1. All but one of (1) at pLDDT 85 or above; (2) over 23 Å from the mean Cα position of the chain (by Cα); (3) not in a loop (DSSP other than H, G, I, E, B) hold for residue 52; state the number of the condition that does not hold.
2. Out of curiosity, is residue 220 crowded, with 17+ Cβ neighbours inside 10 Å, in contact (Cβ under 8 Å) with a residue 40 or more places away in the chain and over 20 Å from residue 120 (Cβ atoms)?
3. Please tell me if residue 296 is within 24 Å of residue 335 (Cα to Cα), of a type outside the set (Gly, Ala, Ser), buried (at least 18 other Cβ atoms within 10 Å of the Cβ) and without any contact (Cβ under 8 Å) to a residue 40 or more places away in the chain.
4. Let me confirm something: among 290, 304, which residue is crowded, with 16+ Cβ neighbours inside 10 Å and not hydroxyl-bearing (Ser, Thr, Tyr)?
5. From the set of residues in the stretch 187-207 that are part of a loop (DSSP other than H, G, I, E, B) and surrounded by 13 or more Cβ atoms within 10 Å (Cβ to Cβ), which is modelled with the highest pLDDT?
6. So the check is Cβ under 6 Å with 6+ separation or different chains; which pairs have a first residue in the stretch 268-290 that's in the same structural domain as residue 253 (by TED's automatic domain parsing) and modelled with pLDDT of 70 or more and a second one that's surrounded by 15 or more Cβ atoms within 10 Å (Cβ to Cβ) and aromatic (Phe, Trp, Tyr)?
7. Do any residues in the stretch 59-88 that are surrounded by 15 or more Cβ atoms within 10 Å (Cβ to Cβ) have Cβ atoms under 7 Å from those of residues that are polar (S, T, N, Q), where the two are at least six apart or on different chains, and which pairs are they?
8. Does residue 366 meet the test of being among the acidic types (Asp, Glu), surrounded by fewer than 17 Cβ atoms within 10 Å (Cβ to Cβ) and either at pLDDT 95 or above or closer than 20 Å to residue 260 by Cα (or both)?
Amino acid sequence: MSERRAAAVAALAKLGIDAEALAEGRLAADALVPLVNGADAVRLVAAIGDLGSAGAAAALAGLEPHAGGAARREVRRALYRLRQRGVATPERPVDEPPRRRDLGSDIEGFVSAHDASGDRLLWLVKRQASGGSLVVAAQANEPEGLRDVQAVDMSRKHLRAVRQRLAREGGVTLVAAPWATVDALLVEAHERTTTRDRARDYLRVRAEVTAEPPAAPAEPLSSQAPPPGLDEARTLAAASAPLLGEAPFAAWGPGAEAAAPFVAEITALRDSPLVLNELQQRERVREVLRRAAEALYPAAAFARRLEGTAYVLAETGRGPAARAALAIAALLRARPAEGYETPFVSGAVERALGTLLSADVARQTEERRSALVATPGEVLRARESSRRGHTRG
């Protein structure tokens, strides 16, 4: 690997981009659009060009219509340099005017990954004859339904700026998805919503976007991460522990109120006056964790969150993480008991309860220090400890 290519790979890695997938043409240009007008746009484009491959050339050609100012000039320079090096670059037919990208119609769809509470963004963008766009921007929860939906007229420039600000300030990346799929998810979320107020009424604005019957609701699928079969899912899920440290999963976890009863159970077990050996106590704690997993992460809803997030990961160059998430989802659907035992799910539960338990223990310790009072469990453990330490003279 040349020094130039190595530097490009490192620069792209810092931007969260899989350079190998991009160089091989496996990363859609749509995944890079939120970055091409940001503060790192010129550095991004230069690094793509330095990969020196046909896949990189295709990505640059796909980005050119979305880039502006210095970034667009850098795209053109990079494409020129690639041609000088003998790399084939896509050419737009001379008899066709530049066309803006669409998904087979005047409507585009966009989705984000789920956050810790199960919320995500679902957008539909319909181009208007005036040159602007009607943007239907919704926040939906899995499984509770719509949190909010708004329809606003917006210029393409303003639309790009909003997406860039979401990515820069909120860490929320919107990736393109088939608009009919996004529409079906919005209709499903509307039907699940129990409160029928104006702010949660998608059907109120849907007629401005399409008159077609909605499709059956299903998560979008990415060609970059084919869903695994059950046997492969078991293999992938068995190695899923690293997902716990990756975005957005590192922030996933139940709310403190929902987890509180299970934290209280574990605390009660540890403070119980009953004398349990270490093996018995561990088994009782494991039983609490199993019940907590089923209650805090219902299999069907959690599988949907994983599948929806996997699509975004795959479309932004994180194929291995996407396939691991799909594997866990497949197990939760087909074999829920196995799904709950995967390192990712069991680790997520242990991490969530452990964090809350540590905070609870610290609070109780401070309260006891102030009151100078010991629990019955602490007294018994202290007595047992003193008995073990006593020897006959």
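The values are calculated or read from the model by the stated rules, or taken from the named source; none is laboratory data. Being a predicted model, the structure only gives us computed values, none of them experimental. No Cβ is skipped: glycine too gets one built from the backbone with ideal geometry, and neighbour counts run over all protein chains shown.
1. So residue 52 meets the others, but not (3).
2. Numbers: crowded, with 17+ Cβ neighbours inside 10 Å: yes; in contact (Cβ under 8 Å) with a residue 40 or more places away in the chain: yes; over 20 Å from residue 120 (Cβ atoms): no.
So residue 220 does not fit the description; no.
3. Numbers: within 24 Å of residue 335 (Cα to Cα): yes; of a type outside the set (Gly, Ala, Ser): yes; buried (at least 18 other Cβ atoms within 10 Å of the Cβ): yes; without any contact (Cβ under 8 Å) to a residue 40 or more places away in the chain: no.
Answer is no for this residue.
4. On the way: 290 fails: crowded, with 16+ Cβ neighbours inside 10 Å.
After applying the criteria, what remains is 304.
5. Step by step, filter the stretch 187-207, then rank; the result is 202.
6. Close Cβ pairs satisfying both conditions: 288/262.
7. Between residues of the stretch 59-88 that are surrounded by 15 or more Cβ atoms within 10 Å (Cβ to Cβ) and residues that are polar (S, T, N, Q), the close pairs are 61/89; 67/37; 71/37; 79/89; 82/89; 87/53.
8. Working: among the acidic types (Asp, Glu): yes; surrounded by fewer than 17 Cβ atoms within 10 Å (Cβ to Cβ): yes; either at pLDDT 95 or above or closer than 20 Å to residue 260 by Cα (or both): yes.
Taking the combined requirement at face value, the residue satisfies it.
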